[in-house]
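Worksheet for the structure shown next.
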Amino acid sequence: MFVFNYAEGATAFSVWGVWLIVFIALFVFNEVARRWKYVGFFCFVILPIILSSLWFTVLRDTIYTDWFHLAKVYSATAGCIGFWCIRHVKWKSKATGKERRLADVKWVLTFPALILAINIIEAVSRDFQIGMQYAGGGILADEAMYVLGGSWNYMNGIAGILNIITITGWFGICIKKQTAKDGSKDMLWPDMLWFWIIAYDLWNFAYTYNCLPGHAWYCGFALLLAPTLCAFTVGKGAWLQHRAQTLAIWCMFAQTFPAFIDQGTFAVASTYNTLPLFAFSLIALVANIGIFIYMIYKIVKTKRNPYLGELYTDLQKYQEVKALAE
């Protein structure tokens, strides 16, 4: 599926070692940023300002300037800022004198679903673009990266659309209660359960393999696994927050040091074999069709509206996450 770049004496062992370092760094970064309020503020407000001033001045000739990469880095950062505000912003009501939190304002809870949908739409549009413009192969004009367009792009684009449709229960988003062991105040989304997360990961990996073949080893494999492992272990129920934070920091790193994944010793390229291209997208499509069918089944059975309320409240995993909330 992948071809290792063995330049300057690199080996498969060393490339795997670098992948492991990237994965651990993303996991640890997310842990630090989520557990300490002002570390998160620095990482997603102050650091992007500093880096942006560098990107468009001294680094302007080396950074990615295409619409997709710029949209991705700033939309991921915007998501992190919004999630930080939902978790931490509070004020005293003049009318009642009681303390209020941003997380208590219902319309604000549409923001996480909106920013997630926007990020998926960005990728879906890229899949369709490559399928239409680069059928049979070609060099992306804005990235100088070879891509191979085909039916897999359309399958995965449809999978992404289904992934958006099956986002449910955002009005149930809540804040994790602080404990002596964990003061993170994570943004919990009880209705976003493991089966949707897996379907998203399958779709997103297929997208990176289709549209960012030179980046899929890191931004597809490591970058997807880090937030998912966190959501299934120490940071249960907060997958979207983990995903946004790891994506934002990776995008900032890749924007600052693009040569690491494009030309460096440890860069990893795709084989452009049509069999895995087709297979990954087919698996993603089947998984997301399955989630869509299950969502419809639950709607019919429970008579619940998944967009105005929560759908999976009867499931054990939902209840486990809900029990962590304030």
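Structure values in brief
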read-out	value
Which numbered condition residue 198 misses (of (1) more than 20 Å from the chain's Cα centre (by Cα); (2) open to solvent by 40 Å² or more (accessible area, probe 1.4 Å); (3) under 24 Å from residue 316 (Cβ atoms))	(1)
Positions within segment 272-317 being among the charged types (D, E, K, R), more than 18 Å from residue 198 (Cβ to Cβ) and out of contact with any helix residue (DSSP H, G or I) (no Cβ under 8 Å at 6 or more places or on another chain), in sequence order	301, 303
Complete set of residues in segment 22-77 that are touching a residue at least 12 places away in the same chain (Cβ under 8 Å), of a type in the set (D, E, K, R) and open to solvent by 20 Å² or more (accessible area, probe 1.4 Å)	31, 35, 37, 72
Residues that are modelled with pLDDT of 90 or more, open to solvent by less than 60 Å² (accessible area, probe 1.4 Å), touching a strand residue (DSSP E or B) at 6+ places or on another chain (Cβ under 9 Å) and more than 17 Å from residue 159 (Cα to Cα), drawn from segment 112-140	112, 134
Residue within segment 96-111 that is surrounded by 15 or more Cβ atoms within 10 Å (Cβ to Cβ), touching a residue at least 24 places away in the same chain (Cβ under 8 Å), within 17 Å of the chain's Cα centre (by Cα) and assigned to a helix (DSSP H, G or I) present	yes
Counted residues, segment 295-326 - those being surrounded by fewer than 16 Cβ atoms within 10 Å (Cβ to Cβ), assigned to a helix (DSSP H, G or I) and not charged (D, E, K, R)	7
Answer residue from segment 251-263, given it is open to solvent by 20 Å² or more (accessible area, probe 1.4 Å) and not in a helix (DSSP H, G or I) and is modelled with the highest pLDDT among those	257
Segment 271-294 - residue that is polar (S, T, N, Q) and within 11 Å of residue 202 (Cβ to Cβ) and, of those, surrounded by the most Cβ atoms within 10 Å (Cβ to Cβ)	281
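The values are calculated or read from the model by the stated rules, or taken from the named source; none is laboratory data. Keep in mind the model is a prediction, meaning the values are calculated, not measured. Because the Cβ atoms are built from the backbone with ideal geometry, glycine has one as well, and the counts that use them run over all protein chains shown. Quick note on the areas: whole protein, heavy atoms, side chains included, nothing else; ligands and nucleic acids left out. Shrake-Rupley method; radii C 1.70, N 1.55, O 1.52, S 1.80 Å.
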